[in-house]
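Here the structure comes first, spelled out in structure tokens, and everything after it is commentary.
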Amino acid sequence: MEEEAILSHLQDHEEIADSGQFAAEKGLDHDKVVNVIKSLHGYGYIVAQDIKRETLVLTEEGETYAAVGSPEIHLFMAIPPEGISREALEQRLDTSVFKIGCAQASKLKWVEYDKKKKIFSRQVQHVEDRVKDVLIQIKDGQAPGPEDVRALKTRKLIAPQIWKGYSVKKGPNYAPKRKTFATDFTRENMQRGDWKDLEFKGYNFSAKGQPLEGGHLHPLLKVRQQFKMIFQQMGFEEMPTNNFVESSFWNFDALFQPQQHPARDSHDTFFLRVPATTKELPEDYVERVKKVHELGGYGSRGYAYDWKREEANKNLLRTHTTAVSSRMLYLLAQKPFQPKKYFSIDRVFRNEAVDKTHLAEFHQIEGLVCDRGLTLGDLIGVLHDFFSRLGMSNLRFKPAYNPYTEPSMEIFSYHEGFKKWVEIGNSGIFRPEMLLPMGLPEDVSVIAWGLSLERPTMILYGVDNIRDLFGHKVDLGLIKRNPICRLGIY
Ligand code: PHE
């Protein structure tokens, strides 16, 4: 309707000077007219130019007065020719009508208030509601005088509003009726032969396509990728961690963890029923491990207990990725020595009570450097390098205990958001009782550290219950919409 009106009007008129007036004359909705103008302009049927005008609109209060009259009129009418007491007048009117009415009617000298007698009386015979009249004029689209406008603006009965419309002329593709373009070239078109007369719609090469349905990365995977990049930038090689099932030997014994250690209890570790035991271990190395546990050696007194092969054979779900590190260091020791920097990020399992921050499975990030003559200073230096790449340059260390490292240090970082020191990892220098039975040269040290992947991920993604991050209760929306992760860039 709007489109037809515009195009046919332009057929015998030079222009539509003002879309607002045009809509009013034709009884059309201006918003609809504007939409059609934009579309016709886009296709070159018409050329449209913006017009902006400041118009006046009535505020809510203004609308009320336009409908029922101004408060001063109500006040005047409520005063009988003989006058009225304040109390009686107040009873006849709404509080706001009374207040505003009093102020305006006294200003206009329509009424007077005798303060001593508390009596209101009329001062004129007859009054006119100018406010109401002017408001109605404005509503009808007429322009009132500047004095009136100023007065009504101060009383907040009207407000300026920018009105937007268009002036319209014929465009380069003008036609009295919009052409419909064919979008498909069909078999019927060919059979009928009407394709010769069809005009085809052009391709829109900038149209956006359907959003692609694809996979989504879990936040843990995004954070893991970032850690991986940091290790790789520091020249670390990734260790193969593709075995969740490990023997007690590599998980504990090779790490000089005594067989009666509480971590080796079924309360803390998941043992396997099938296959319950490992098939093979390097026998000569097993002998040396047994000896160091029982009798010590390399300057150590050992643990002085009866080391049992059956304990070492038990299969379990690895409790830490340090099991992988022990395998890798053993392999390294079988060849002429070469310094190495290794890392791993993968899943570990602990038979723990599940709560807000603990699950029975989680991920560990582990790094180690193996070289001649490394010291605690090297460890602290590497930790500073590593953690400053995560944006944590303020570190503190606390002495700690691990069966396989000496010295051992817990790592703390100052958390600007939490305003406190938070534990971010564990570290140490692997003991000679672990490294020397493997066959590594005596002057080789291994510095290492580990941390969980869940903890930084929860902090970065603002998740405070681990069950919202991992497991069957996770909201799939979180997986679909979680933002990318960039570590150390602030
Ligand atoms: N394996 C330790 C843990 O599970 C972490 C660690 C790795 C500590 C390397 C010292 C050296 O917490």
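Please treat every number below as a calculation from the coordinates, not as lab data. No experiment lies behind these values; they were computed from the predicted model shown. When we count neighbours, we look across all protein chains shown, and the Cβ atoms used for this are built from the backbone with ideal geometry, even at glycine.
Compute the normalised compactness of the chain: alpha-carbon radius of gyration over 2.2 N^0.38 Å, N being the residue count.
Relative to the rule-of-thumb radius for its length, the chain sits at 1.85.
Under a crude label model (7 Å from the Cα following the beta-carbon direction), how far is residue 479 from residue 11 in nanometres?
6.1 nm
I need the Debye-formula profile for region 412-490: one equal scatterer per C-alpha, no solvent, reported as log10 I(q)/I(0) at q = 0.12 1/Å, two decimals.
Debye intensities relative to I(0), on a log10 scale: -0.58.
Over region 182-277, how many percent of alpha carbon pairs lie in each 5 Å bin up to the one with the longest distance?
2, 8, 9, 9, 7, 9, 10, 6, 4, 4, 4, 5, 5, 5, 4, 4, 3, 1, 0
Once the Cβ-Cβ distance between residue 295 and residue 244 is put in as r, and R0 is 30 Å, what FRET efficiency do you end up with, to the nearest 0.05?
Using R0 = 30 Å, I get an efficiency of 0.35.
Given only helices, namely DSSP H runs of n ≥ 4 each adding -39500 (n - 2.57), what is the per-residue ellipticity at 222 nm of the chain, to the nearest 500 deg cm²/dmol?
Per the formula, -10500 deg cm²/dmol.
Given an 8 Å cut-off on Cα distances and at least 6 residues of separation, report the relative contact order of the chain as a percent.
13 percent
What is the distance in Å between the Cα centroid of region 335-402 and that of region 1-70?
Centre-to-centre (Cα) distance: 70 Å.
For residue 260 paired with residue 218, estimate the spin-label separation in nm (one decimal), with each label point 7 Å from Cα along the Cα-to-Cβ line.
In this crude spin-label approximation the distance works out to 4.0 nm.
So how much slack lies between residue 272 and residue 149, counting 0.36 nm per residue of separation and subtracting their Cα-Cα distance, in nm?
Working it through step by step, the gained length comes to 35.4 nm.
Volume per residue, Å³, of the convex hull around the alpha-carbon atoms of region 380-437?
76 Å³
Which three extents, in angstrom, do the Cα atoms of region 100-185 have along their principal axes, listed largest first?
Result, largest extent first: 94, 23, 18 Å.
Work out the P(r) tail for region 322-419: percent of alpha carbon pairs separated by more than 23 Å, whole number.
Every Cα pair in region 322-419 considered, those over 23 Å come to 40 percent.
Quick check: from the Cα gyration tensor, does region 224-338 come out rounded (a/c under 1.5), prolate or oblate?
oblate
Helix 30-42 versus the longest principal axis of the chain: what angle, 0 to 90°, nearest 10, using Cα atoms?
60 degrees
Mind pulling the angle between the C-alpha long axis of helix 95-107 and the longest principal axis of the chain? Nearest 10 degrees, somewhere in 0 to 90.
Relative to the chain, helix 95-107 is tipped by roughly 50 degrees.
Compute the separation of the alpha-carbon centres of region 407-483 and region 254-287 and state it in Å as a whole number.
With region 407-483 and region 254-287 each reduced to a Cα centre, they are spaced 24 Å.
Using modelled amide H (1.01 Å from N, peptide plane; none on Pro or chain starts), what sits under 5 Å from the amide H of residue 394, excluding residues fewer than 5 places away?
414
If you average 1/r across every pair of different Cα atoms in region 118-247 and take the reciprocal, what Kirkwood value do you get, in Å?
About 26.5 Å for region 118-247.
Take the alpha carbon atoms of region 1-91, find their radius of gyration, then divide it by 2.2 N^0.38 Å using N residues; give the quotient.
Ratio of Rg to 2.2 N^0.38 Å for region 1-91: 1.97.
For a quick protection proxy, order the peptides 189-202, 240-253, 369-382 by their average other-Cβ count within 10 Å, most packed first.
240-253, 369-382, 189-202
With angles folded into 0 to 90 degrees, how steeply does helix 322-333 sit against the dominant principal axis of the chain? Use alpha carbons for both and round to 10.
Roughly 50 degrees, rounded to the nearest 10.
What translational diffusion coefficient, to the nearest whole µm²/s, does region 48-141 have by Stokes-Einstein, given a Kirkwood radius computed over alpha-carbon pairs, a temperature of 25 °C and 0.890 mPa s viscosity?
Answer from the Stokes-Einstein relation: 167 µm²/s.
Taking 0.36 nm per intervening residue step and subtracting the Cα-Cα distance, what contour gain separates residue 181 from residue 169 on full extension?
2.0 nm
Compute the distance in nm between two label points, each set 7 Å from the Cα along the Cα-to-Cβ direction, one at residue 47 and one at residue 335.
Using points 7 Å along Cα→Cβ, the separation is 7.7 nm.
Could you name the lysines whose alpha carbon sits less than 18 Å from that of residue 398, not counting residues in the same chain fewer than 8 places away?
Straight-distance partners of residue 398: 420.
Can you compute 3J(HN,Hα) from phi for each residue in region 419-424, using the Karplus curve 6.51 cos²θ - 1.76 cosθ + 1.60 with θ = phi - 60°, rounded to whole Hz and x for Gly and Pro?
In residue order, the calculated couplings are 6, 7, 7, 10, 6, 10 Hz.
Divide the volume of the convex hull of the Cα atoms of region 368-407 by its number of residues and quote the answer in cubic angstrom per residue.
88 Å³
Taking θ as phi - 60°, what are the ³J(HN,Hα) couplings along region 453-460 by the Karplus curve (6.51, -1.76, 1.60), each to the nearest whole Hz, with x for Gly and Pro?
Rounded to whole hertz, the list is 7, 5, 4, x, 5, 5, 5, 5.
Relative contact order for region 183-328: what percent, with Cα pairs under 8 Å and sequence separation of 6 or more?
The normalised contact order for region 183-328 reaches 31 percent.
Please compute, over every Cα-Cα pair in region 125-168, the percentage with a separation greater than 14 angstrom.
That fraction is 56 percent.
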